[in-house]
Amino acid sequence: MLAAVAAVLGVSSSMLLERPLEQAITFAVENEFRAFEVWADHPHAHPDETPPEMRRRIRTALSPFDRISVHGPLGNASLASINPGIWRESLRQHLAATELAHDLGATVLVVHPGDLRDHRFKAEFLRLSCEALGKVVERGAELGVTIAIENCGPLHAGIDQTAADLTTIVRSLGPHGKVCLDTGHAAVNKNAAELIASLGDAIVHFHVHDNHGARDEHLPIGAGSIDFAPYVPILEHLEGMAIAEIVWEQARSTQSPETLARAAKDGWSKLLDKPR
């Protein structure tokens, strides 16, 4: 039994991306999640669309939670772009997201390492990712925000095509190199064991969701085929957040948000109670 687990279960505002951020926060409070992750992109809280007064209101709304994290902007903002203008703009937006995380009282900012759009120039993409992330983690350290780099892999055309690639990026950042392990991405990319072996000591944050191994379905734990047992030793010592990155879509989901939230919490509870 996983009685000593320190991680707290939360949910991301991206679950209800079709609803205003305030409604997503209220939903998470009403469903008794202890942590919350703010989607720092349109339409919820992109740094450029979240002025100071709005930040103060959001921070107040987030006060019921024990822990807060923020997910950095996506929308083509690749920290590995070989287009100089896009790279500079992507870096600016991620630095702005670090400021936003601080202003909202978040302790963790999750970021993607960037996209690989041409394998012929992988070394250059990798260098640019490391350079940009170095600047972001430096600003994070100044503000007390941990930057957790998420495993994306081939599934999302990530610069981290392999666990070794992500390890190179994370280790290049020295003691500030930390990881958000996304269980769904690891399953589809089929490199969970490698990620745990290479970066287990650097994992400070989790995105927990399930799938059947072929695509990123964002299901509650137990609704797919992922074996979560290998993550238990890390969760036993993780003094951070496990964010249930489940997704509800108004036009496609067959279950209500409330049903999905209950399933996410039930799956988490069963994982904690499962004998090792």
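The values are calculated or read from the model by the stated rules, or taken from the named source; none is laboratory data. For clarity, every value in this text was computed on a predicted model and none was experimentally measured. Note that we place each Cβ from the backbone using ideal geometry, even for glycine, and neighbour counts take in every protein chain shown. Only protein heavy atoms, including side chains, enter the accessible area calculation; ligands, DNA and RNA are left aside. Shrake-Rupley method; radii C 1.70, N 1.55, O 1.52, S 1.80 Å.
Out of Val136, Val170, Val145, I need the residue that is closer than 19 Å to Asp201 by Cβ, in contact with a strand residue (DSSP E or B) (Cβ under 9 Å, 6 or more places away or on another chain) and either in contact (Cβ under 8 Å) with a residue 40 or more places away in the chain or open to solvent by less than 20 Å² (accessible area, probe 1.4 Å) (or both). Which one? Talk me through it step by step, then tell me what you get.
Numbers: Val136 fails: closer than 19 Å to Asp201 by Cβ; Val145 fails: closer than 19 Å to Asp201 by Cβ.
Answer to the check: Val170.
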Inset, instruction - Kindly list, by first and then second residue, each pair from a residue in segment 198-221 that is farther than 16 Å from Thr259 by Cβ and of a type in the set (Val, Ile, Thr) to a residue that is open to solvent by less than 10 Å² (accessible area, probe 1.4 Å) and part of a loop (DSSP other than H, G, I, E, B), limited to pairs with Cβ atoms under 6 Å and residues at least 6 apart or on different chains. - result: Val204/Gly240
Legend entry - Number of positions in segment 44-82 that are more than 30 Å from Val29 (Cβ to Cβ) and either touching a Leu at 6+ places or on another chain (Cβ under 9 Å) or open to solvent by less than 70 Å² (accessible area, probe 1.4 Å) (or both): 5
Inset, instruction - Only residues in segment 246-264 that are under 20 Å from Gly10 (Cβ atoms) count as the first member; pair them with residues that are of a type in the set (Phe, Trp, Tyr), Cβ under 7 angstrom, at least 6 apart or cross-chain, and list the lot. - result: Pro257/Phe27; Pro257/Trp248; Leu260/Trp248
Inset, instruction - Could you please find all residues in segment 221-259 being more than 19 Å from the chain's Cα centre (by Cα) and aliphatic (A, V, I, L, M)? - result: Ala223, Ala229, Ala251
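Per-residue answers, yes or no, for (1) farther than 30 Å from Leu126 by Cα; (2) out of contact with any Asp or Glu (no Cβ under 7 Å at 6 or more places or on another chain):
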| position | (1), (2) |
| --- | --- |
| Ala7 | yes, yes |
| Glu22 | yes, yes |
| Ala28 | yes, yes |
| Ala40 | no, yes |
| Glu49 | no, yes |
| Pro52 | yes, yes |
| Leu79 | no, yes |
| Ile82 | no, no |
| Leu91 | no, yes |
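So which of Leu143, Leu128, Leu133, Leu109 is under 17 Å from Gln93 (Cα atoms) and over 20 Å from the mean Cα position of the chain (by Cα)? Explain how you work it out, then say what you get.
Numbers: Leu143 fails: over 20 Å from the mean Cα position of the chain (by Cα); Leu133 fails: over 20 Å from the mean Cα position of the chain (by Cα); Leu109 fails: over 20 Å from the mean Cα position of the chain (by Cα).
After applying the criteria, what remains is Leu128.
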Legend entry - Sole exception among (1) open to solvent by 40 Å² or more (accessible area, probe 1.4 Å); (2) in contact (Cβ under 8 Å) with a residue 60 or more places away in the chain; (3) more than 18 Å from Val11 (Cα to Cα) for Ser225, by number: (2)
Legend entry - Hits in segment 201-217 (condition: in contact with a strand residue (DSSP E or B) (Cβ under 8 Å, 6 or more places away or on another chain) and either open to solvent by 30 Å² or more (accessible area, probe 1.4 Å) or assigned to a strand (DSSP E or B) (or both)): Ile203, Val204, His205, Phe206, His207, Val208, Asp210, Glu217
Inset, instruction - Within segment 230-258, track down each residue that is open to solvent by less than 50 Å² (accessible area, probe 1.4 Å), under 22 Å from Val179 (Cβ atoms) and part of a helix (DSSP H, G or I). - result: Tyr231, Val232, Ile234, Leu235
Inset, instruction - Tell me which residues, restricted to segment 176-200, are touching a helix residue (DSSP H, G or I) at 6+ places or on another chain (Cβ under 9 Å) and open to solvent by 10 Å² or more (accessible area, probe 1.4 Å). - result: His176, Lys178, Val188, Asn189, Asn191, Ala192, Ala193, Glu194, Ile196, Ala197, Ser198, Gly200
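Condition first: part of a loop (DSSP other than H, G, I, E, B), under 15 Å from Ser14 (Cβ atoms) and at pLDDT 95 or above. Now tell me which residues in segment 63-77 satisfy that.
Keep residues of segment 63-77 that are part of a loop (DSSP other than H, G, I, E, B), which gives 63-66, 72-77.
Add one more test, that the residue is under 15 Å from Ser14 (Cβ atoms), and what stays is 72-75.
Correct list: Gly72, Pro73.
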